[in-house]
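Engineer: Mind having a look at this structure? Questions to follow.
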Amino acid sequence: MKKTIFYHDTDCGNVVYYANYLKFFEEARTLYMAEKGFSVPALMQKGLYFVVARQEVEYKFPVRYADVIDVSTKVLEISDIKIVFENVITNQNGRLCTKGKTTLVCVDKNGMPTSMGADVKQAMTL
């Protein structure tokens, strides 16, 4: 996912505000799932909700206003109820800026862990 950094993404130091990286990861994960044939609203209609159970972020190099970043997404690990995504952010010069790992757990409408189903699991690993 390509993204241009706007003023509202930055802090008073003209650097991307640290929590905004989580929004970038979320956007990239949502697009990744859509590319695999699954929209978040459609999964919710099936009674499948993905909640963040763990988040890791490594800040390597600052991203600044007007930079154009690339946020790549891949699945590192998957089980019947859990997906671990890795996101890597590079800037327009190809420099590694940020790495993150997000663990999502599939839950039902009551918030209880549930199987995501073989179709979702298989699609996420292709």
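Engineer: Please indicate, with yes or no, whether at least one residue in the range 79-91 is among the small types (Gly, Ala, Ser), surrounded by 12 or more Cβ atoms within 10 Å (Cβ to Cβ) and either over 17 Å from Asp9 (Cβ atoms) or touching a Ser or Thr at 6+ places or on another chain (Cβ under 6 Å) (or both).
Structural biologist: Scanning the range 79-91 turns up at least one residue that is among the small types (Gly, Ala, Ser), surrounded by 12 or more Cβ atoms within 10 Å (Cβ to Cβ) and either over 17 Å from Asp9 (Cβ atoms) or touching a Ser or Thr at 6+ places or on another chain (Cβ under 6 Å) (or both).
Engineer: Please tell me if Leu22 is open to solvent by 70 Å² or more (accessible area, probe 1.4 Å), within 28 Å of Thr4 (Cα to Cα), part of a helix (DSSP H, G or I) and in contact (Cβ under 8 Å) with a residue 12 or more places away in the chain. Before the answer, list the steps.
Structural biologist: On the way: open to solvent by 70 Å² or more (accessible area, probe 1.4 Å): yes; within 28 Å of Thr4 (Cα to Cα): yes; part of a helix (DSSP H, G or I): yes; in contact (Cβ under 8 Å) with a residue 12 or more places away in the chain: yes.
Yes; evaluated as a whole, the condition is true for this residue.
Engineer: When only residues in the range 92-110 that are in contact (Cβ under 8 Å) with a residue 60 or more places away in the chain and more than 30 Å from Thr4 (Cβ to Cβ) count, which is most open to solvent (accessible area, probe 1.4 Å)?
Structural biologist: Within the range 92-110, the match that is most open to solvent (accessible area, probe 1.4 Å) is Lys109.
Engineer: Something else about it: Restricting attention to the range 25-45, and to residues there that are open to solvent by 20 Å² or more (accessible area, probe 1.4 Å) and touching a residue at least 12 places away in the same chain (Cβ under 8 Å), which single residue is nearest to the chain's Cα centre (by Cα)? Show your work before the answer.
Structural biologist: From the range 25-45, those open to solvent by 20 Å² or more (accessible area, probe 1.4 Å) are 26-27, 30-32, 34-42, 44-45; that's our starting set.
Checking the rest, the ones that are also touching a residue at least 12 places away in the same chain (Cβ under 8 Å) come to 27, 31-32, 36-38.
Values: Glu27: 6, Leu31: 9, Tyr32: 8, Lys36: 14, Gly37: 16, Phe38: 14 Å.
The residue in question is Glu27.
Engineer: Does the range 10-17 contain any residue that is of a type in the set (Ser, Thr, Tyr), in contact (Cβ under 8 Å) with a residue 12 or more places away in the chain and either closer than 21 Å to Gln122 by Cα or outside any strand (DSSP E or B) (or both)? Write out each step before concluding.
Structural biologist: Residues of the range 10-17 of a type in the set (Ser, Thr, Tyr): 10, 17.
Checking which are in contact (Cβ under 8 Å) with a residue 12 or more places away in the chain leaves us with 10.
Narrowing further to those that are either closer than 21 Å to Gln122 by Cα or outside any strand (DSSP E or B) (or both): none.
No, the range 10-17 contains no residue that is of a type in the set (Ser, Thr, Tyr), in contact (Cβ under 8 Å) with a residue 12 or more places away in the chain and either closer than 21 Å to Gln122 by Cα or outside any strand (DSSP E or B) (or both).
The values are calculated or read from the model by the stated rules, or taken from the named source; none is laboratory data. Given the structure is predicted, the values throughout are model-derived calculations rather than measurements. Using ideal geometry, Cβ is built from the backbone for each residue, glycine included, and neighbour counts are taken over all protein chains shown. For the accessible areas, the whole protein counts, side chains as well, though only heavy atoms, and no ligand, DNA or RNA atoms are used. Shrake-Rupley method; radii C 1.70, N 1.55, O 1.52, S 1.80 Å.
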